[in-house]
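**Student:** First the structure, which I've put down as structure tokens, then a few questions once you've had a look.
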Amino acid sequence: SDDSTSEHEPQLIVGADGRIVATWNAFNADPTNFYHVEYRVSDDLGASWGPVISIPLADDNNIGSNTTLAAAADGTIYFAFATEYVNQQGVRSAQRVWLASLPPSEAEFGTPLEVTDPAEAVGVYDQPAITVTPAGDLLITYGQAPPDLQSSTLVTQRSEDGGLTWTKDIPMPKGGPQYMNLFHPCVSAERVFLLYADDDLGVAL
């Protein structure tokens, strides 16, 4: 990419119609734009690729990262990622998770929609992951830490309307593990599985 000095943590998805999307974190040594997210699209199974496209960050963010992809049965590809602002002292603010959609008829992702609540006080939204459930709903999982960063809780966000509205849930009971993260949802024809790590069980399913 001409708009970054290095790229990290690539993700890849193949849609129902054979379209391929690759995403990654792009780094710049610029305090106003440390990390942002970029992608490329191939419509011929990777034989050729369209241009590198950067998704602009919100004006009050300077980091975008943790890209994740999912493909729906109708050929739509969904792209979720996290953003925040980190100042020179390492203090975080304006944390968000976003979702952008790429219908099969379009060449570029549309304007991202915010998944999280901007009024909620958080330390970080970490490692979002997205999948499409057997019922066709969108499911995003991520770790949510409070402002003191002393714990991390599993959060799920489910959308039945393609990402226009979301229902948030914290599925673990009170008194559960203090630290949960690295959630990886995957689906079968009947159910959703979730692989994760926590400070009680280690790696669990």
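**Student:** Using a 1.4 Å probe, how large is the accessible area of D148, given in Å² and rounded to the nearest 10?
**Tutor:** Around 100 Å² of this residue is reachable by solvent.
**Student:** Is the range 147-197 rounded, prolate or oblate when judged by the Cα gyration tensor, a ≥ b ≥ c being the square roots of its eigenvalues, rounded requiring a/c under 1.5 and prolate requiring a/b larger than b/c?
**Tutor:** Since a/c reaches 1.5 but b/c is at least a/b, the shape of the range 147-197 is classed as oblate.
**Student:** For the range 92-205, with the dipole built from +1 on Lys and Arg beta-carbon atoms and -1 on Asp and Glu ones, taken about the Cα centre, which of G110, P146, V187 lies farthest toward the positive end?
**Tutor:** Comparing the listed Cα positions along the dipole, P146 ranks first.
**Student:** Could you identify which residue out of A22, A189, A73 has the top mean-square fluctuation in a GNM of the chain using Cα springs shorter than 10 Å?
**Tutor:** Among A22, A189, A73, the largest GNM mean-square fluctuation belongs to A189.
**Student:** Return a whole-number percent for the relative contact order of the chain, with Cα pairs under 8 Å and 6 or more residues apart as the contact set.
**Tutor:** 12 percent
**Student:** Roughly how many nanometres apart are two label points built 7 Å out from the Cα toward the Cβ at S6 and T32?
**Tutor:** Computed distance between label sites S6 and T32 equals 2.4 nm.
**Student:** Could you give the dipole magnitude of the chain about its Cα centre, charging the beta-carbon of Lys and Arg +1 and that of Asp and Glu -1, in debye to the nearest 20?
**Tutor:** 380 debye
**Student:** At 37 °C and 0.692 mPa s, what whole-number value in µm²/s does Stokes-Einstein give for the translational diffusion of the range 24-63, with Rh from the Kirkwood sum over Cα pairs?
**Tutor:** In µm²/s, the coefficient rounds to 288.
**Student:** Can you give me the accessible area per residue for the chain, using a 1.4 Å probe, in Å²?
**Tutor:** About 51 Å² of surface per residue is accessible.
**Student:** Could you give the C-alpha radius of gyration of the range 1-141 expressed as a fraction of 2.2 N^0.38 Å, taking N as the number of residues it contains?
**Tutor:** 1.04
**Student:** If Y35, Y196, Y179 are ordered by their accessible area, calculated over protein heavy atoms with a 1.4 Å probe, which sequence runs from highest to lowest?
**Tutor:** Y179, Y35, Y196
**Student:** Of the accessible area of the range 58-160, with the probe set at 1.4 angstrom, what percent is carbon plus sulfur?
**Tutor:** Reported share for carbon and sulfur atoms: 45 percent.
**Student:** Let me ask something else. If you average the C-alpha positions of the range 1-57 and of the range 89-138 separately, how far apart do those two centres end up, in angstrom?
**Tutor:** Cα centroid to Cα centroid, the span is 16 Å.
**Student:** Please list, ordered by chain and number, the residues whose modelled amide H lies under 5 Å from the amide H of D137; skip anything fewer than 5 residues away on the same chain.
**Tutor:** none
**Student:** May I pose another question? Can you pull the one-decimal nm distance between simple spin-label points at H184 and I170, each 7 Å off the Cα toward Cβ?
**Tutor:** Each label point lies 7 Å from its Cα, and together they span 2.6 nm.
The values are calculated or read from the model by the stated rules, or taken from the named source; none is laboratory data. On a predicted model such as this, the values are computed, not experimentally measured, just so you know. When we count neighbours, we look across all protein chains shown, and the Cβ atoms used for this are built from the backbone with ideal geometry, even at glycine. Accessible surface areas use protein heavy atoms only, side chains included; no ligands, DNA or RNA. Shrake-Rupley method; radii C 1.70, N 1.55, O 1.52, S 1.80 Å.
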